[in-house]
Amino acid sequence: MSQKELSELTNEDLLLEGKKIKSGNIMNAVLFGVMIGVATWSTVKYGLGIITFFPLLFIQMLLKNNARRKAFENELKERNLTL
């Protein structure tokens, strides 16, 4: 969600969105660890190759969600809300 879409939500909807983001952060951390593990394992087992760099491409998508989380936190601060 963009900052504009977050600002259009009611306080209750914003808090519900926060719960979704919080559970998504846990999943992103698990996926991030798995991707690093796969890249490390394939480098050790097979050396550098496409299998090494393929998981690292997905890490970029996971980091994109960090911007969404920061926009959400900024909106919470503006409204003086806490989860």
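The values are calculated or read from the model by the stated rules, or taken from the named source; none is laboratory data. Computed from a predicted structure; not experimentally measured. Because the Cβ atoms are built from the backbone with ideal geometry, glycine has one as well, and the counts that use them run over all protein chains shown. Protein only, heavy atoms only, side chains kept; ligands, DNA and RNA dropped before computing areas. Shrake-Rupley method; radii C 1.70, N 1.55, O 1.52, S 1.80 Å.
Between Glu73 and Asn25, what is 0.36 nm times their sequence separation minus the Cα-Cα distance? Round to one decimal in nm. Please list the in-between numbers first.
On the way: separation 48, 0.36 × 48 = 17.28 nm, distance 1.30 nm.
Taking Glu73 through Asn25 to full extension adds about 16.0 nm, to one decimal.
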- Query: With contacts defined as alpha carbon pairs under 8 Å and 6 or more residues apart, what's the relative contact order of region 2-83 in percent?
  - Reply: 41 percent
- Sorted list, accessible surface of protein heavy atoms, 1.4 Å probe, largest first, for Ile26, Ile21, Ile50 is Ile50, Ile26, Ile21
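Rolling a 1.4 angstrom probe over the protein heavy atoms, how many square angstrom per residue are accessible across the chain?
On the way: 6150 Å² over 83 residues.
It amounts to 74 Å² per residue over the chain.
Just in the chain: which GluC sites (Glu not before Pro) are loop by DSSP and have at most 13 other Cβ atoms within 10 Å?
Values: sites: Glu5, Glu8, Glu12, Glu17, Glu73, Glu75, Glu78; in loops: Glu8.
Here the sparse-neighbourhood loop sites are Glu8.
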- Across the chain, how many lysine pairs, 8 or more positions apart or on different chains, have C-alpha atoms separated by under 29 Å? Please give the number. 16
- Item | the chain: C-alpha gyration tensor shape, a/c 1.5 cut-off, then a/b vs b/c | prolate
